[in-house]
Amino acid sequence: MKIVVLVKPVPDTFGDRVLSLETGLADRAASETVLDEITERALETVIRHAEASGDVEVVAMTMAPAESQSTLRKALAMGAAAAVHIADERLAGADLVRTAQVLAAALRRAGADLVVTGNGSTDGSGGVMPSMLAELLELPAATRLETIEITADAVRGTRETDGGTQAVTAPLPAIVSITERMPDPRFPALKGIMGAKKKPLEVLSLDDLAGELEGIGAPLEETEEPRSIMLAAAQRPPREAGEIITDDGTAAERIAAFLADRRLA
Amino acid sequence: MTQPILTLLLAAPAAEGAEPRLADGAAEVLGAAALVGAPVALVVGPESALPALAETAASLGATEVLTASVDTAQLGAPVADALAAAIAEVAPEAVLMPHSIEGADAAGRVAVRLRAPLSVDAVAVERDEEGVLAKHSVYGGAYDVSSAASAGPLIATLRLGSVDHRAEAVAPAVRALEVASTGRPAAVAESFEPAAQASERPDLRSAKKIVSGGRGLGSKEQFALVEQLADALGAAVGASRAAVDAGYVDQSLQVGQTGTSVAPELYLAVGISGAIQHRAGMQTAKTIIAIDKDANAPIFEIADLGVVGDLFTIVPQLVAALEARKG
Ligand SMILES: Cc1cc2nc3c(=O)[nH]c(=O)nc-3n(C[C@H](O)[C@H](O)[C@H](O)COP(=O)(O)OP(=O)(O)OC[C@H]3O[C@@H](n4cnc5c(N)ncnc54)[C@H](O)[C@@H]3O)c2cc1C
Ligand SMILES: Cc1cc2nc3c(=O)[nH]c(=O)nc-3n(C[C@H](O)[C@H](O)[C@H](O)COP(=O)(O)OP(=O)(O)OC[C@H]3O[C@@H](n4cnc5c(N)ncnc54)[C@H](O)[C@@H]3O)c2cc1C
């Protein structure tokens, strides 16, 4: 069985992330780039399944600028057997539809029994990529799984939705997205880091995917223009600290009075 | 203001035999649609529930209601088929739906199918001379961004709890929509377990006041202090990821980067250090109060009132003081 995990390099959330006010695009030079934690969890989940059941090939795939390749090495060090990096300058500023078309083309080329993604990224936070890919690849999608069980011919799990818990299943091939309830990702061991250097890492340009893009009805030329346009981006002024007091036995009264003053109690 | 704005209203999952209600966010998307045009609703659910759901949609302001009956056990594809049919029928200027699991799934599928522009997780919609635009709060509220469609209807998912405007009730004008199924493969919902007990506290996503607890509470039992304070203020309960990971509360109460983003009138943080990923989900609150024993906790950098002290002493006193003031 071949399982492709979609991993995404993002600006580290531990730093101040910068958006260019001119283009509305992420200023990648301003922050350190790391693998989005949710996609590391997706990878961890799949690697655990591969370790337990054997006979599973785990591939990490991303569409990201050339500079972020080290994050794929990390995915290999964690335990993926191979990696695919779609990097092309023409993809800078790609919107959701275009990103989905390109990832769908690469997934078609790879041929996967199961595609696993995060439920939403910490930069775009769209949360729509899995359903877009399902539509383009004509696959069933089980989104936002909090538990997962992969068998030879199906994937099942549960998800939290309006007012309760739903148990869902899909026959393979399928696409699923997972949430933060999945286990914490492992730290790559030294052996994994050394081994990662010898594992295959394929770099693809848009031209390499021309045939597949045609196949999903999104020929190369057509993937060029952005469909939504950013009109304005403004930075909020940073919040300032107010009054800080140390409790001397009267703090509770002070808070109660503060709330009453502002008509919040 | 007569341009049709299509809204997608879904039947919420219901237990076997129970009649479904409209999923959360229906009143909000209709309210948002009314601000920029004429709200039209597509109501999707099981056949038997459609008349009642359509009536609810009209009571929430849908000037026209289209209904589509689907097998709700089939996830994603059938709702997308109905939405695509409604877009063809109504030719709306924009399409709005809640940024819920099912809303986002339908938006994603239809956007790629129609090659339509997609704005996700919008916090407001507005109109200018050129048409409808969506407003976003990105990177944890550090930036405000607006986006619009270059061509075709703008499809936008709306963050739950972000729109206060409500449309006026109208008399129902309901008709059934013909939907041609694409027969696209779908995942299947096998069962549904309703949440044990719906809380009587306000919903975190739309609450005006929130009291949130962190790892500082120390245990699930002691987290009850946060609940008592919330009840004294009529507030919703929230939590940090560390509190969720420690099992003090359910994940649905997590505030932050990867939890819920909130922008209430009051955010009162108890035993939460204020990690950047937590602040990302709450720093646009109007008033922030923090109680923490560590004077260097980063939460104090953004608090309007910061109290350095032991929460186990202060919170019970505060609950008592609030009760006393109520008289
Ligand atoms: C601040 C900001 C706001 C944006 N807003 C919009 C918008 O409103 N509309 C719009 O059209 N575009 C928008 N974009 C661009 C959009 O985010 C990108 O196209 C992005 O690659 C895909 O969206 P996402 O990360 O939100 O996906 P999500 O749907 O949140 O991602 C879910 C999962 O899909 C997988 N995935 C997503 N992207 C990739 C990738 N490039 N490589 C590998 N796996 C991936 C990951 O597993 C991820 O966990 C925005 C970008 C930024 C930085
Ligand atoms: C990709 C990513 C996404 C994340 N998303 C989120 C998210 O959505 N939401 C989120 O919250 N976090 C998120 N985090 C985690 C975040 O980095 C922090 O680990 C988390 O917010 C810490 O929670 P906390 O403040 O409760 O715990 P701590 O940082 O441990 O803080 C506990 C505080 O309690 C105080 N305290 C202890 N005892 C007392 C007492 N008796 N009286 C008063 N004060 C006391 C301590 O002084 C301390 O300041 C994310 C992290 C990553 C990497």
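All of the numbers you see were taken from the coordinates with simple rules; none came from a lab. This structure is a prediction, so every number in the text was calculated from the model and none was measured. So basically every Cβ, Gly included, is an ideal-geometry build from the backbone, and we count neighbours across all protein chains shown.
Quick look at the values:
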read-out	value
Label-point gap, in nm, between B:Ala18 and B:Glu221 - each point 7 angstrom along Cα→Cβ	3.2 nm
Within a Gaussian network of chain A (alpha carbon springs, distance under 10 Å), most fluctuating of A:Ala174, A:Ala252, A:Ala52	A:Ala252
15 Å beta-carbon shell around B:Ala77, net charge (K/R +1, D/E -1)	-3
Gyration tensor (alpha-carbon) shape descriptor, the protein assembly as shown, a/c threshold 1.5	oblate
DSSP bridge pairs, the protein assembly as shown: antiparallel proportion in percent, nearest 5	35 percent
Extended-chain gain in nm, criterion 0.36 nm per residue less alpha-carbon gap, B:Phe312 and B:Ser181	41.3 nm
Span-rule helices in chain A, defined as complete DSSP H runs reaching 20 Å or more along the axis (Cα) with Kyte mean at least 0.5	A:96-110
Chain A - convex hull of alpha carbons, volume per residue in Å³	197 Å³
Pairs of Cα atoms farther than 37 Å apart, chain B, %	25 percent
Beta bridge orientation in segment B:4-188: antiparallel %, DSSP, nearest 5	35 percent
Segment B:204-326 shape via C-alpha gyration tensor axes, a/c threshold 1.5	rounded
For B:Gln317, net neighbour charge (Lys/Arg +1, Asp/Glu -1) across residues whose Cβ lies under 13 Å away	-3
Partner lysines for B:Lys326 [C-alpha distance under 23 Å; skip if fewer than 8 residues away on the same chain]	B:Lys208, B:Lys209
Residues B:Glu130 and B:Val170, FRET efficiency given R0 of 30 Å [Cβ-Cβ distance, rounded to 0.05]	0.60
Ordering of A:73-79, B:227-233, B:14-20 by burial proxy (mean other Cβ atoms within 10 Å per residue, highest first)	A:73-79, B:227-233, B:14-20
Two-site FRET efficiency, A:Ala81 against B:Ala52, from Cβ-Cβ distance with R₀ of 60 Å, rounded to 0.05	0.70
Of all DSSP beta bridges in chain B, antiparallel share, percent nearest 5	25 percent
Label-to-label distance, nm, for residues given as A:Lys197 and A:Glu22 (7 Å Cα→Cβ offset)	4.0 nm
FRET efficiency estimate (nearest 0.05) - Cβ-Cβ, B:Thr2 to A:Gln235, R0 45 angstrom	0.80
Angle in degrees between helix B:224-233 and the longest Cα principal axis of chain B, rounded to the nearest 10	70 degrees
Cleavage-rule hits (trypsin sites (Lys or Arg not before Pro)) in segment A:213-265: DSSP loop, at most 11 neighbouring Cβ within 10 angstrom	A:Arg263
Partners for A:Lys8 among aspartates and glutamates (Cα-Cα distance below 12 Å; same-chain residues under 8 apart left out)	A:Asp36, A:Glu37, A:Glu40, A:Asp123
Normalised contact order of segment A:2-215, rounded percent, pairs of Cα under 8 Å and 6 or more residues apart	25 percent
Principal-axis tilt of helix B:77-90 within chain B, Cα atoms, nearest 10 degrees	60 degrees
Exercise: per-residue mean of other protein chain Cβ atoms within 10 Å, B:20-28	1
Relative contact order %, segment B:242-325, counting alpha carbon pairs below 8 Å whose residues are six or more apart	22 percent
Per DSSP, loop trypsin sites (Lys or Arg not before Pro) in segment A:92-190 with at most 13 further Cβ within 10 Å	none
Cut-off 11 Å between beta-carbons: net charge of the residues surrounding B:Glu301, Lys and Arg +1, Asp and Glu -1	+1
Cα-projected label distance for A:Ala257 with A:Arg90, points at 7 Å along beta-carbon direction, nm	6.8 nm
